[in-house]
1. What's the total number of residues in segment 33-53 that are touching a Ser or Thr at 6+ places or on another chain (Cβ under 9 Å) and under 14 Å from residue 80 (Cα atoms)?
2. It is to be established whether one or more residues within segment 148-161 are open to solvent by 20 Å² or more (accessible area, probe 1.4 Å), under 30 Å from residue 6 (Cβ atoms) and basic (Lys, Arg).
3. From the set of residues in segment 87-136 that are among the hydroxyl-bearing types (Ser, Thr, Tyr) and surrounded by 16 or more Cβ atoms within 10 Å (Cβ to Cβ), which is nearest to residue 74 (Cα to Cα)?
4. Among the residues of segment 46-75, write down those that are assigned to a strand (DSSP E or B), modelled with pLDDT under 90 and over 15 Å from residue 13 (Cβ atoms).
5. Report whether or not residue 212 is within 30 Å of residue 69 (Cβ to Cβ), open to solvent by 80 Å² or more (accessible area, probe 1.4 Å) and part of a helix (DSSP H, G or I).
6. Suppose the filter is within 16 Å of the chain's Cα centre (by Cα) and not in a strand (DSSP E or B); does residue 172 pass it?
7. If I ask for residues that are closer than 23 Å to residue 130 by Cβ, charged (D, E, K, R) and either in contact (Cβ under 8 Å) with a residue 24 or more places away in the chain or open to solvent by 60 Å² or more (accessible area, probe 1.4 Å) (or both), which ones from segment 166-207 would you list?
8. Can you confirm whether segment 106-116 contains a residue that is under 30 Å from residue 28 (Cα atoms) and of a type in the set (A, V, I, L, M, F, W, C)?
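The values are calculated or read from the model by the stated rules, or taken from the named source; none is laboratory data. Keep in mind that this is a model prediction, so the values were computed, not measured. Heads up, the Cβs are rebuilt from the backbone with ideal geometry, glycines too, and the neighbour counts pull from every protein chain shown. Protein only, heavy atoms only, side chains kept; ligands, DNA and RNA dropped before computing areas. Shrake-Rupley method; radii C 1.70, N 1.55, O 1.52, S 1.80 Å.
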Amino acid sequence: MTKLQFRINQKIEFVNEEGQLGISLVQDWTKDYFMVTVPLKGTEQQLLHVGDEVTGIYYHDDGKVYMFNSMVLDRMVENIPLYKLSIPDELTRVQRRSYVRLDITMPVKYAEVAKELESLLEENGWEGILQDSSIPWETGTIMDISGGGINLAANRPLEEGDRVYVYIRSEELEIGIKGEVVRRYTNILDNVAVYHHGVKFVEINEAERDRIIGFIFKKYREIRHKGVES
């Protein structure tokens, strides 16, 4: 964890449960608050609300990227509309927004990619192939997730380079994505082998990635709130 030092005109990307909320620029900062422009997503302004907690990704001019949480204190109009935000206590360095990783245990279904399965997916979509008893779906466990991939724990090994369809379904996230196994290691627990696979998402569009990132940041906020309450 690192103390935050803002720089004028540096970029902040605000993130909500749907992924990217919008991009702002730092306009001013003091020891008590900092000011940012109204977030833009494309050319559309995205409103923040006084009292809301927001999650931001700060792109420092030294090339490093940091994640933080802050509170919207006020909306002000000087030469341009600005938001006043509380100075975060701390921030966490991340590699990139897409690779903020959440440790979480979630069930997942997966199947190795085959031409027949690809054709069925194109014709019937995810709901169609999930209900098709001929598809050799297997069950595994997600041990962590980011916008770039998952750690998949399974009872049998996959090989590096294997392509798999993974289907995640929970109360807060439902999505199907193609992935590629990029690494594997074996964990022995009570004389039982569990195979862990680093699966990189491939052929994922930005809307899908944003849904995953939004889910991750929502969980981070929930974890933070539980820590404050305890």
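1. 5
2. Here is the first cut: in segment 148-161, the ones open to solvent by 20 Å² or more (accessible area, probe 1.4 Å) are 151, 155-157, 159-161.
If we keep only those that are under 30 Å from residue 6 (Cβ atoms) as well, we get none.
For segment 148-161, residues open to solvent by 20 Å² or more (accessible area, probe 1.4 Å), under 30 Å from residue 6 (Cβ atoms) and basic (Lys, Arg): absent.
3. The first filter runs over segment 87-136 and keeps only residues among the hydroxyl-bearing types (Ser, Thr, Tyr), leaving 92, 98-99, 105, 110, 119, 133-134.
Subset that is surrounded by 16 or more Cβ atoms within 10 Å (Cβ to Cβ): 98, 110.
Numbers: 98: 29, 110: 46 Å.
Step by step, filter segment 87-136, then rank; the result is 98.
4. Passing the criteria: only 53.
5. On the way: within 30 Å of residue 69 (Cβ to Cβ): yes; open to solvent by 80 Å² or more (accessible area, probe 1.4 Å): no; part of a helix (DSSP H, G or I): yes.
Answer is no for this residue.
6. Working: within 16 Å of the chain's Cα centre (by Cα): yes; not in a strand (DSSP E or B): yes.
Yes.
7. Of everything in segment 166-207, those that are closer than 23 Å to residue 130 by Cβ, charged (D, E, K, R) and either in contact (Cβ under 8 Å) with a residue 24 or more places away in the chain or open to solvent by 60 Å² or more (accessible area, probe 1.4 Å) (or both) turn out to be 169, 171, 172, 174, 178, 200, 203.
8. Just the residues of segment 106-116 that are under 30 Å from residue 28 (Cα atoms), to begin with: none.
Scanning segment 106-116, I find no residue that is under 30 Å from residue 28 (Cα atoms) and of a type in the set (A, V, I, L, M, F, W, C), so the answer is no.
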